[in-house]
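Below is one structure; the comments refer to it alone.
The values are calculated or read from the model by the stated rules, or taken from the named source; none is laboratory data. This one's a predicted model, so the numbers in the text were calculated from it and none came from an experiment. In this analysis, Cβ positions are derived from the backbone assuming ideal geometry, glycine residues included, and neighbour counts consider all displayed protein chains.
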Amino acid sequence: MTTTLIKNIHTLVTMDENRREIRHGALFLRDNIIEQVGTTAELPDTADEVLDLANKHIVLPGLVNTHHHFFQSLTRVTPAGQDGDLFQWLTSHYNLWGNLTAEAMYYSSQIAAAELILSGCTTASDHHYIFPNNCALDEQIRAVADIGLRFHASRGSMSVGESKGGLPPDALVENEARILKDSQRLIEQYHDNSRYSMLRMVLAPCSPFSVSMDLMKESAAMARSYAGVRLHTHLAETKGDVEYSLAKFNLIPGDYAQSVGWLGEDVWHAHCVKLSDRSISKFGQTGTGVAHCPCSNMRLASGIAPIRKMLNAKVPVGLGVDGAASNDATNLLHEARTAFLLARVRDEDASVMTARDALEIATRGGARVLGRDDIGYLAPGMAADFIAVNLDKPSFVGTQSDPVAALIYCQTDYIDYSFINGKKIVDRGNLTRIEIEKLIETSNKISLNLAN
């Protein structure tokens with residue numbers, strides 16, 4: 001067994017049950033688990049590995065990303081999709097995404113994971129729903145494992161094409177029997193529901209406008225026949241999304257979700273910008289989660305999700321950066337800051353969200369949405385997932401009175417250290433498992449091939 005001591009932390013933000021913030025803090029790890037939390041003076045002074053942060057860093061739990069589309073990292077700022085709303089943006093991208101290959105899946109997943117890790121993310125869920133050219137989710141799973149990110153892989157799907165009243169082209173949808181067969185294969189091959197698991201599977205039919213009600217129901221039944229397999233989809237993202245639901249199903253999105261069995265503590269929905277007050281109440285009563293993606297919602301002019309109203313109704317809320325083609329960034333610290341600012345703008349009330357509220361959504365909130373009780377805060381027995389941000393930067397000058405709030409109020413671009421499952425994945429701002437320059441070069445070449 002290997003021990004690690006992180007000492008002389010300027011401020012240790014535990015996010016534990018008492019929300020302790022410990023000055024001159026320290027963490028003592030044994031392998032991949034936190035064993036002790038306290039001040040540097042209280043903890044052991046030796047370990048197999050010692051990292052002395054010289055009282056210059058804030059340490060906090062690793063951030064949790066609850067919604068993403070990794071493959072879109074290769075198709076950012078596509079001219080045809082720059083100025084459209086959700087449906088226009090999707091239709092301008094579908095044919096481009098039809099060129100996706102297994103190699104493109106691998107490298108797009110790895111570049112997305114790299115960006116997430118460097119911006120403080122230690123656990124992420126990705127929603128992959130398009131499988132042209134014999135692509136399989138296995139490539140994404142392999143890419144993320146190679147870089148060291150804790151991962152919830154979603155087997156997404158589209159089964160209702162244009163000819164059946166759906167939005168995607170018929171060439172990009174799959175047979176539902178094949179979807180379910182592959183979903184079962186992936187669960188049985190990869191899903192690990194044990195504590196501290198690095199990989200769990202999720203079933204995630206894409207959206208009401210691209211899958212049938214039958215597939216939603218059958219996916220839910222399959223997921224619930226396995227321990228710890230959760231359900232995820234898009235819901236109530238835009239006004240057009242609501243109009244489609246009413247025209248197609250004669251149901252508002254929240255009622256549609258209920259009709260197919262997609263409410264409950266094992267379910268979370270992306271966006272929910274246009275979720276009705278009655279549906280918010282149902283989500284809170286059933287523990288149904290929401291992935292809040294503020295940057296994407298602004299980029300596509302979808303609106304502003306009523307996050308304070310959701311939190312007041314006891315809805316589990318986590319952050320998501322969404323696809324890199326609709327954001328077009330992959331920075332979870334920036335997403336937290338945007339969520340903080342946008343909540344205040346929506347309600348025209350500066351008290352509706354504090355900096356610590358935003359940090360809680362990004363950590364404990366995301367962990368709850370993903371059904372994890374082993375990440376999201378720092379305490380004995382929790383997974384050793386945490387990040388460190390150096391306060392000796394121009395953007396933090398003058399923040400001595402409250403450096404924790406400064407993480408959200410000020411511009412925090414990248415983190416300096418990241419430990420995931422007890423392993424140092426970022427060391428002084430550099431990824432330890434991959435050569436980022438080579439990854440960027442390869443990803444750019446594949447992106448050009450995809451476009452051509």
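Before moving on, here are some points about what is shown:
- Index of the failed condition, residue 36 passing every other in (1) outside any helix (DSSP H, G or I); (2) buried (at least 16 other Cβ atoms within 10 Å of the Cβ); (3) among the polar types (S, T, N, Q): (2)
- For the range 362-373, the condition holds for no residue, the condition being that it is out of contact with any strand residue (DSSP E or B) (no Cβ under 8 Å at 6 or more places or on another chain), among the β-branched types (Val, Ile, Thr), outside the structural domain of residue 415 (by TED's automatic domain parsing) and crowded, with 19+ Cβ neighbours inside 10 Å.
- Some residue of the range 440-450 being in a loop (DSSP other than H, G, I, E, B), among the small types (Gly, Ala, Ser) and either modelled with pLDDT of 95 or more or closer than 29 Å to residue 75 by Cβ (or both): no
- So residue 266, is it farther than 20 Å from residue 166 by Cβ, in contact (Cβ under 8 Å) with a residue 24 or more places away in the chain and surrounded by fewer than 16 Cβ atoms within 10 Å (Cβ to Cβ): no
- Filter pass, residue 16 being closer than 22 Å to residue 389 by Cβ and at pLDDT 95 or above: yes
- Within the range 375-392, the residues that satisfy the criterion of being closer than 17 Å to residue 418 by Cβ and assigned to a loop (DSSP other than H, G, I, E, B) are 375, 376, 377, 378, 382, 384, 385, 391.
- Evaluating residue 227 against the criteria (1) surrounded by fewer than 17 Cβ atoms within 10 Å (Cβ to Cβ); (2) farther than 30 Å from residue 31 by Cα leaves one unmet condition, (2).
- Residues satisfying the stated conditions in the range 50-109, i.e. free of Cβ contacts under 8 Å to residues at least 12 places away in the same chain and part of a loop (DSSP other than H, G, I, E, B): 82, 83
- Selection of the range 374-401 for residues being without any contact (Cβ under 8 Å) to a residue 24 or more places away in the chain and not aliphatic (A, V, I, L, M) yields 393, 394, 395, 396, 398, 399, 400, 401.
Yes/no per residue for (1) in contact with a Ser or Thr (Cβ under 7 Å, 6 or more places away or on another chain); (2) of a type in the set (Ser, Thr, Tyr):
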{"residue": "88", "(1), (2)": "no, no"}
{"residue": "93", "(1), (2)": "yes, no"}
{"residue": "102", "(1), (2)": "no, no"}
{"residue": "106", "(1), (2)": "no, yes"}
{"residue": "111", "(1), (2)": "yes, no"}
{"residue": "121", "(1), (2)": "no, no"}
{"residue": "128", "(1), (2)": "yes, no"}
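- Pair list, Cβ under 6 Å, 6 or more apart: the range 164-183 residue more than 20 Å from residue 203 (Cβ to Cβ) and free of Cβ contacts under 8 Å to residues at least 24 places away in the same chain, other residue surrounded by fewer than 19 Cβ atoms within 10 Å (Cβ to Cβ) and of a type outside the set (Asp, Glu): 170/161; 170/163
- Residue-level analysis places residue 281 outside the set of residues that are in a helix (DSSP H, G or I) and under 22 Å from residue 141 (Cα atoms).
- Residue ID - surrounded by the fewest Cβ atoms within 10 Å (Cβ to Cβ), chosen from residues in the range 147-169 that are in a helix (DSSP H, G or I) and of a type outside the set (A, V, I, L, M, F, W, C): 163
- Close pairs from the range 416-434: first closer than 15 Å to residue 110 by Cα, partner modelled with pLDDT of 95 or more and acidic (Asp, Glu), Cβ under 7 Å, at least 6 apart: 433/146
- Test: residue in the range 321-339 that is in the same structural domain as residue 112 (by TED's automatic domain parsing), at pLDDT 95 or above and farther than 23 Å from residue 152 by Cβ: yes
- Among the residues making up the range 117-136, those that are of a type in the set (A, V, I, L, M, F, W, C) and touching a helix residue (DSSP H, G or I) at 6+ places or on another chain (Cβ under 6 Å) are 121, 124, 130, 135.
- Among the residues of the range 276-300, just one is over 20 Å from the mean Cα position of the chain (by Cα), under 26 Å from residue 63 (Cβ atoms) and of a type outside the set (Val, Ile, Thr), namely 284.
- Of the helices (runs of 4 or more DSSP H) contained entirely in the range 170-277, those carrying at least 1 residues that are more than 30 Å from residue 145 (Cβ to Cβ), assigned by TED's automatic domain parsing to the domain that holds residue 128 and at pLDDT 95 or above fall at 213-223, 239-249, 253-259.
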